[in-house]
Amino acid sequence: MDDILTDLSTPSLQRAIKENLFEFCRAAAQLPHGELEEADSLSRWYFGVPYPWFNAVLARRAGNDGDRLRVQTAIEYFRSKQIGPFVWWLAPGIVRADWESILAPLGFGYSDDTPGLAADLSALNENIQTPSGFQMLIVDNEDILKTWVATFVKGYGLPAVFYEIVYQLVLNFGFDQPSRNYVGLLDGNPVATSNVFFGAGVAGIQMVATLPEARGQGIGAAITLQPLLDARKLGYRAGILQSSDMGLSVYKRLGFKHLCQMENFYLSL
């Protein structure tokens, strides 16, 4: 278990919202089929999932003229992987102006449209109503994992090619810390998924998906809440996540507060 974050001030939580994601990506890139390179306060990760956040460079310092070649090298690297867009993350304390003059001329756009949220785990709204016949299971073997992946891919509306990629990623993480997965069943049928990643001293929620036919019944809230309750039992004080527009109101009802935006530059290859 990493050192649990006890400072729940807004600046501390803002930092943890981003650092939890970065720790997840660095951990995933060190699994089989992933690649991680770190030098000069820049981290570059790739782990085979064709989603920009998971193929990225993280900058922990401001850019300088000498970084133009480093950026070009990163572009060629990700182009060789044929994964489409990749992003250039800004670590807490690094601002848009620190890199824009280097990245913008090379065609990078800028995004800050994803909300980052955090919740005090001692103040969660636990009064979540779900349909009769709904239950949740922790994924602890490969058979349940196959169900989890199929449900996640369908719930997110992802192409079928994602199934094997996500399956191998989750399998390589293992079935407990630092990453744990939950599947929701309604009358015995899988309808929802979630994941919690323990990093940066907090419980990071991600991969929350509910099948269209099961939405609007509290299931998405319930499968978000359960890993947070389990994290609280482990001693964690805070939960964080990055939200879609669809999930924002659900997470706020659970007790999450919108504290920051996820800032990055991105380039389509």
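The values are calculated or read from the model by the stated rules, or taken from the named source; none is laboratory data. Being a predicted model, the structure only gives us computed values, none of them experimental. Here the Cβ positions follow ideal geometry from the backbone for every residue, glycine too, while neighbour counts run over all protein chains shown. The area values use the complete protein model at the heavy-atom level, side chains included, leaving out ligands, DNA and RNA. Shrake-Rupley method; radii C 1.70, N 1.55, O 1.52, S 1.80 Å.
Some points to look at:
- Measure of compaction for the range 182-269 (Cα Rg per 2.2 N^0.38 Å): 1.17
- Remark on V208: its backbone amide H falls under 5 Å from those of N195, a criterion applied only to residues 5 or more positions apart or on other chains, H modelled at 1.01 Å from N.
- Average accessible area per residue (Å²) across the range 101-194 - probe 1.4 Å, nucleic acids and ligands excluded: 46 Å²
- According to the Kirkwood relation over distinct C-alpha pairs, the hydrodynamic radius of the range 32-189 is 18.7 Å.
- Where Rh is the Kirkwood radius over Cα pairs, Rg/Rh for the range 123-269: 0.95
- Rounded to the nearest whole Hz, the Karplus-based 3J(HN,Hα) values (6.51 cos²θ - 1.76 cosθ + 1.60, θ = phi - 60°) of the range 176-192 follow the sequence 9, 5, x, 10, 9, 10, 10, 10, x, 10, 10, 6, x, 9, x, 9, 7, with x at glycine and proline.
- Efficiency of FRET between E126 and S80 - r from beta-carbon atoms, R0 30 angstrom, step 0.05: 0.05
- A 1.4 Å probe run over the protein chains yields, for the range 14-82, 47 Å² of accessible area per residue, whole-number rounding.
- For M262, the amide hydrogen comes within under 5 Å of the amide hydrogens of T114, G116, counting only partners 5 or more places away or on other chains and with H modelled in the peptide plane.
- Pair-distance profile P(r), taking every C-alpha pair of the range 45-106, with 10 angstrom steps and integer %: 21, 54, 25, 0
- Dipole check for the range 109-200: with +1 at the C-beta of Lys and Arg, -1 at the C-beta of Asp and Glu, and the Cα centre as origin, the magnitude is about 160 Debye.
- Length added when fully stretched, D40-A97, from 0.36 nm per residue minus Cα-Cα: 18.6 nm
- Highest to lowest packing among 138-145, 239-246, scored as the average C-beta count within 10 Å: 239-246, 138-145
- Long-range HN-HN contacts of N125 with modeled amide H, under 5 Å: G255
- Percent carbon-and-sulfur accessible area, the range 137-228, ignoring ligands, DNA and RNA, probe 1.4 Å: 55 percent
- Across the chain, the relative contact order, built from alpha-carbon pairs under 8 Å that are at least six residues apart, equals 29 percent.
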